[in-house]
Amino acid sequence: MSMKCNILLFILILFAFNLHAEDGHNLWLRGKSSGSVNIVCAKSSSTLDIAKQELVQGWQGQNGAKFTLKIKKDKAIKSDGFILSENEVQANTELGILYGVYELLRRQQTGQTIQNEICNPSYGCRVLNHWDNLDGTVERGYAGHSIFWHDGEKGYAVNDNDRKLWKEYARANASIGINGSVLNNVNSSKLMLTKQCLEKVKAVAELLRPYGIKTYLSVKLSSPSLIGGLKTSDPLNPEVIKWWKDKVKEIYKIIPDFGGFLIKANSEGEPGPQDFGRSHADGANMLADAVKPFGGIIMWRAFVYEANSKDRACQAYKEFMPLDGQFRDNVIIQVKNGPVDFQPREPFTPLFGALKRTSVMPELQITQEYLGHSIQLVYLANMWEEFLKSETYQEGIGSTVARITDGSIFPQKYTAIAGVANIGLDTNWCGHQFAQSNWYAFGRLAWNNQLTSEKIADEWLKLTFSQKKEKSANLNASDWLKNFLAPVKRLMLESRDATVNYSMPLGLHHIFAGLNNTHYGPGPWFSPKGIRIDWTSAYYHKADSFGIGFDRTTKGSGAVSQYHEPLSSQFENPATCPEIYLLWFLHLPWDYKMKDGRILWNELCYTYDKGVNEVRQFQKTWDKVQPYVDAQRFSEVQCKLRLQCHDAQVWKDGCLLYFQQFSKRPIPFDIERPVYDLDYLMKTDLTDMLK
Ligand code: GCV
């Protein structure tokens, strides 16, 4: 076809489907009203005014219908929950009204039913953690610079663009129930608590407040000596205690609804109470006492590991279990979902449920540090669903991580969940159009930890990609449903497992490229001179002429013993250990017989190959939906899938060729041969190659 014909066809397609160019900046908030609504509300306030405005802008119910916003106490409504019916939202608080309105609009816009229903949040604090540095960079951020902090002299000034963006950010968060933001990196700057910085936080807080979002800060425990002029930062020293109390008072004076602190202590070089011979409880409680009079909380991270320990995965349990019951009731221990570090697949951290007299909150990673940055399309909700539904057995069957952490099993004064944000200054906020789905999914799961990843994907796709034509018609009757929604939803739901397959299958973990600290691409060989051994890949895969995998059984590191029965016996035994965790818990011979009859080496080969083929299929699926997607978003995703195909191949070739040196077995002849050379891959910085 000639160029002219191509262009004509493109214009015709655009016209036919009413596909306006979109850059993704509007996220899932694209819904426009299809008629008018008559709002009845006795009160007015900044939050209620937002609720009313949202109703007017997005109403897709009956034209001219009456809709009531009613603040009336009801015992069945918890915290900022609400009761929703077709003509009314009732809540105890103004925020409950706002959340109810967003839920109503979501249901209208996605064609879901609206019945008389009570909706209460699973967690009280639903918090984003921004790993944003004061110079504007974002640690593990792949979507541009920070939306809060800018480098240079004008870094502390606030301009209209900032205000506009923060408002959009607040609206997006509120629409999915997020109610807290930690504005800076857990590897925090000592300047965070200076007057200048706090003034900036005040400005952000003012924009977020009407949307119900509290601000929190990450701070260094050594702040009293770093910026306060004290000789020590020992948490039990009276001068140090006073310094923190005064600082907290200063903060609450300018930010009355300040949420509290997030602390990374004695971890990866960050200061902590152990520097003074004190415990995590001593440090956390001292801060908890300071914020308590103002209703603040302390989120204290359990991400700790020691250089040279036999098994890094055991450390958090070892350090925190002896402290169970010693923390104040406004301290919550923030625990990463997996015991190592946000790998594509990990079993849950055994602290969940084992800590019975201490509040515990999950930390999830929305930014794709180990799952392909913003280059790869990986929908993370499946991973979080798998984690939240994991049985801990701590209080019998049904003690899932979700129920353990949301207060259903252990009474916690505060319940919370955190997600490490994937947000930056990129026009589409997250770097990849589909990475927005992970921000969305985090919020939805934080609100309701029983939602399925399938339902969330369905909602997100309808809100983010449906076109006017489909929205006004009955969604269920549309061919959009069959030809766009179904295949793309399937793609999303398969994407996380595909990534596991082509990068770290069967329980392999931490074998990524570490060069330049990129954490992108394969690096099972990664072991530069002089590096800590727990930062090398061999520490984790332990490939040798016998076999592969980390022996965490009772004969190995003993990590299995940190799990409640029947899990510890299950993980100990290769016959009962789920194959998805096989090499996490066991070191097995290359010819170990898998359940499907293949030997382990062959299974690895087939699984890597499967992962690559899955991404190739994603490409085909996406290409086929072109008529249903606006041009910009279509081609952006298409380009990224191309890169993803390329990296999946690199992962497969790099890992198989490297491990083959130990297995000394052929790659089964019915799968595609490696196209790269191991020497070449080992010498190449893959981030350069993948650009
Ligand atoms: C913010 C991993 C990441 C670090 C991160 C750390 C943490 O080590 O690579 O970038 O630091 O986890 O969660 O504290």
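Points worth noting:
- Note that region 110-117 has calculated 3J(HN,Hα) couplings of 10, x, 8, 6, 10, 10, 5, 8 Hz, one per residue in order, obtained from phi through the Karplus relation 6.51 cos²θ - 1.76 cosθ + 1.60 (θ = phi - 60°); glycine and proline are x.
- Region 613-659: C-alpha gyration tensor shape, a/c 1.5 cut-off, then a/b vs b/c: prolate
- Calculated [θ] (222 nm, deg cm²/dmol) that DSSP helices of n ≥ 4 give over the chain, each run adding -39,500 (n - 2.57): -11500 deg cm²/dmol
- Per-residue packing, averaged as other Cβ atoms within 10 Å, sorts the ranges 503-515, 660-672, 544-556 into the order 503-515, 544-556, 660-672, beginning with the highest.
- Relative to the Cα centre, the charge distribution of the chain, modelled as +1 at Lys and Arg Cβ and -1 at Asp and Glu Cβ, gives a dipole magnitude of about 1320 debye.
- The mean sequence separation of alpha-carbon pairs under 8 Å and at least six residues apart, normalised by the residue count of region 14-133, gives a relative contact order of 22 percent.
- Measuring between their Cα centroids, region 414-433 and region 562-613 lie 33 Å from each other.
- Along principal axes, Cα extents of the chain, largest first, whole Å: 79, 75, 55
- For the chain, the share of accessible area belonging to carbon and sulfur comes to 53 percent (1.4 Å probe, ligands and nucleic acids excluded).
- With protein chains left intact and a 1.4 Å probe, residues in the chain average 38 Å² of accessible area per residue.
- For residue 361, residues with placed amide H under 5 Å, excluding near neighbours: 333, 334, 335
- Set of lysines near residue 73 by C-alpha distance (under 19 Å), chain-local residues within fewer than 8 positions excluded: 43
- Look at the Cα gyration tensor of region 342-494: its axes a ≥ b ≥ c give a/c of at least 1.5 with a/b over b/c, and that counts as prolate.
- Peptide packing for 347-355, 429-437, 58-66 was compared via the average number of neighbouring C-beta atoms within 10 Å per residue; ordered from the highest value, the list is 429-437, 347-355, 58-66.
- Computed over region 479-594, relative contact order equals 23 percent, with contacts defined as Cα pairs under 8 Å that lie 6+ residues apart.
- Among the GluC sites (Glu not before Pro) in region 225-296, those placed in a DSSP loop whose Cβ has at most 12 other Cβ atoms within 10 Å are 268.
- Anisotropy class of region 378-424 from Cα gyration tensor, a/c 1.5 cut: oblate
- When the Cα positions of 267, 113, 45 are compared along the charge dipole of the chain, 45 comes out farthest toward the positive end, with charges on each C-beta of Lys, Arg, Asp and Glu.
The values are calculated or read from the model by the stated rules, or taken from the named source; none is laboratory data. Not measured: the values here are computed from a predicted model. We place every Cβ from the backbone using ideal geometry, glycine too, and count neighbours over all the protein chains shown. What goes into the accessible areas is simple: the full protein's heavy atoms, side chains included, and nothing from ligands, DNA or RNA. Shrake-Rupley method; radii C 1.70, N 1.55, O 1.52, S 1.80 Å.
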